[in-house]
1. Quick check on my filter: what residues within the stretch 70-98 are at pLDDT 95 or above, of a type in the set (S, T, N, Q) and surrounded by 12 or more Cβ atoms within 10 Å (Cβ to Cβ)?
2. Under the condition of being surrounded by 13 or more Cβ atoms within 10 Å (Cβ to Cβ) and touching a residue at least 40 places away in the same chain (Cβ under 8 Å), which residue from the stretch 29-52 is farthest from K76 (Cα to Cα)?
Amino acid sequence: MAFIEYSETGDTPLQKLLGHNVEILKNWDRLLESFYKYSSFDSALQEEVRRTIAYQIGCAQCMSHGCPTSNISDIKTKAAVDFAKKMAQTQLSISKQDVDRLKEYFSDQEIAELCAFIAFGTGYARFGASLNVDANILDKQIGSKLLDE
């Protein structure tokens with residue numbers, strides 16, 4: 001159970017927590033949509049990075065959408081995932097060498113986008129984990145509505 005009450009606004013448990021401020025929720029969702037709609041990366045790379053962040057941070061809702069692939073064959077995706085693991089951990093500093101490793105596979109524009117995507121995903125997952133988001137809240141709500149009928 002989340003540490004605060006869910007709002008009535010939003011479709012997912014995370015959105016219902018953010019929904020306590022509708023403007024923040026709208027803009028948060030707009031930025032999230034932008035990362036997917038205008039990305040330089042293919043959806044497989046983005047999803048591996050997202051899953052990696054979810055498991056690094058421990059957000060229940062984020063983890064409920066799938067666990068990271070254990071054996072990544074695409075070297076660009078592997079480089080992005082390795083960087084995301086380090087970036088998601090606040091106690092680990094990012095070094096010039098870490099970024100130089102990314103430069104073997106990504107342009108400066110792509111590195112900036114990747115870092116922004118990881119930072120946003122880390123913030124989203126940390127938000128959910130900090131408030132103990134319940135990944136199954138929607139299932140529980142649907143179940144209780146069925147019982148009421």
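1. Matches in the stretch 70-98: T77 only.
2. Result: L32.
Quick grid of which residues meet (1) of a type in the set (D, E); (2) assigned to a helix (DSSP H, G or I); (3) modelled with pLDDT under 95:
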{"site": "D100", "(1), (2), (3)": "yes, yes, no"}
{"site": "Y105", "(1), (2), (3)": "no, no, no"}
{"site": "A135", "(1), (2), (3)": "no, no, yes"}
{"site": "D139", "(1), (2), (3)": "yes, yes, yes"}
{"site": "I142", "(1), (2), (3)": "no, yes, yes"}
{"site": "K145", "(1), (2), (3)": "no, yes, yes"}
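The values are calculated or read from the model by the stated rules, or taken from the named source; none is laboratory data. The shown structure was predicted, so the numbers you read here are calculated from the model rather than taken from an experiment. Positions of Cβ are backbone-derived with ideal geometry, glycine not excepted, and every protein chain shown enters the neighbour counts.
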